Structure formats: structure tokens, C-alpha cells
Amino acid sequence: MHSIRDVLGEKGTTVLTIGPDETVYEAIRQMAEHGIGALLVVENGKPIGLLSERDYSRKVILRGLRSRETPVRTIMSSPLLTISPDASVQDGLEMMTEKYIRHIPVMNGSGVLGMVSIGDLVKAVIRDQQSLIEQLESYIAR
């Protein structure tokens, strides 16, 4: 079974951030440019929230706010939920399912190590299952 650290090792540790006073428009522009679904919101070098496409669709569009005028802090998800790099992929999936989230920063005592999405974790589960199937097929073929 993979750990969150294993997933980061495969996908990389780059985390894109945005300041809480930047506009929602700028955040969405960055997400589109990089093909990602969430940005870590950082203030004075410290993570304080997360802004996702889901936050945008539910808190800007449905409330009639203007993305070019609305600061990120107005719609970001906070308090920030995080996961340990030593947690299992299963732990991550359970947390995401329970909290209805799709992205989660990976943190330890030294700070942010990366970010994982539900898609990253599902891929890890599929790889684990494929490996198990191959092992069982090899055992049966003996």
C-alpha cells in the first residue's frame, strides 16, 4: 500500500500558491495556465487556506460576485486541512471523502511538502490493485 510520501515521489512536490489579497480572477487564470484545480493560499510565508475550482463555482458564480474584484480570502476554504506524508493513501481517500474535498496539502513539521488530489490517490490505489493482481496471477501459474 502506498503512502502519501510515495505519491509525492511519483508526481512531484511543486505546489503553486497565491496570496489572499490577489483576485479570484488571477487565481483562476493561474489554475487554467497550469492545468490544476487548486492553489494553496499563503500569507507571510504561511499556508492559511486553499482555493479550488469548486470554491469558485459555489462561492463566486452562485453568489453573484465578480472574480476581477473579489479577493481570494473571501472565498478560500479555511481552516486548512492537511495530511501527513506518512499517512496511507487509504487515509487520504477517507479524509477527502469525509470532508468533501478533492485536494489536500501534504505537511510535516518543516512545512508544505506538496499537494495531492483525489485523482493522484485513485491512481495509486489502481497501481496497488494491479500489482496485487499480477502477484496472484504469478502465484496461481506456478
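Please treat every number below as a calculation from the coordinates, not as lab data. Remember, predicted model here, so these are calculated numbers, not experimental data. Here the Cβ positions follow ideal geometry from the backbone for every residue, glycine too, while neighbour counts run over all protein chains shown.
For residues that are under 16 Å from ILE4 (Cα atoms) and either among the polar types (S, T, N, Q) or surrounded by 13 or more Cβ atoms within 10 Å (Cβ to Cβ) (or both), tally how many sit in the range 125-142.
Looking only at that region, the number is 3.
Kindly provide the set of residues from the range 93-118 that are small (Gly, Ala, Ser) and in a strand (DSSP E or B), ordered by number.
The answer is GLY111, GLY114, SER117.
Pairs, please: C-beta under 7 Å, at least 6 apart or cross-chain, first residue without any contact (Cβ under 8 Å) to a residue 40 or more places away in the chain and in the range 81-101, second surrounded by fewer than 16 Cβ atoms within 10 Å (Cβ to Cβ) and in a helix (DSSP H, G or I)?
Here the result reads LEU81/LYS99, each pair linking the range 81-101 to a residue that is surrounded by fewer than 16 Cβ atoms within 10 Å (Cβ to Cβ) and in a helix (DSSP H, G or I).
Mind listing whichever residues of the range 60-90 are part of a helix (DSSP H, G or I) and either of a type in the set (Ser, Thr, Tyr) or surrounded by fewer than 16 Cβ atoms within 10 Å (Cβ to Cβ) (or both)?
Listed by number, the residues that qualify are ILE61, THR74, GLN90.
Look at VAL122 and say whether it is surrounded by 14 or more Cβ atoms within 10 Å (Cβ to Cβ), under 17 Å from the mean Cα position of the chain (by Cα) and closer than 25 Å to ARG5 by Cβ.
Here the answer is no, as VAL122 does not meet what is asked.
So SER57 passes all but one of these: (1) surrounded by 15 or more Cβ atoms within 10 Å (Cβ to Cβ); (2) of a type in the set (Ser, Thr, Tyr); (3) over 30 Å from LEU132 (Cα atoms); (4) out of contact with any helix residue (DSSP H, G or I) (no Cβ under 6 Å at 6 or more places or on another chain). Which condition number does it fail?
The number of the failed condition is (1).
Please identify the pairs in which a residue from the range 50-76 that is free of Cβ contacts under 8 Å to residues at least 12 places away in the same chain has its Cβ atom under 9 Å from the Cβ atom of a residue that is assigned to a helix (DSSP H, G or I), counting only partners at least 6 apart or on another chain.
Correct list of pairs: ARG58/ILE75; ARG63/ILE75; ARG66/VAL24; ARG66/TYR25; ARG66/VAL60.
Looking only at residues in the range 9-54 that are in contact with a Gly (Cβ under 9 Å, 6 or more places away or on another chain) and of a type in the set (Val, Ile, Thr), which one is surrounded by the fewest Cβ atoms within 10 Å (Cβ to Cβ)?
It comes out as THR14.
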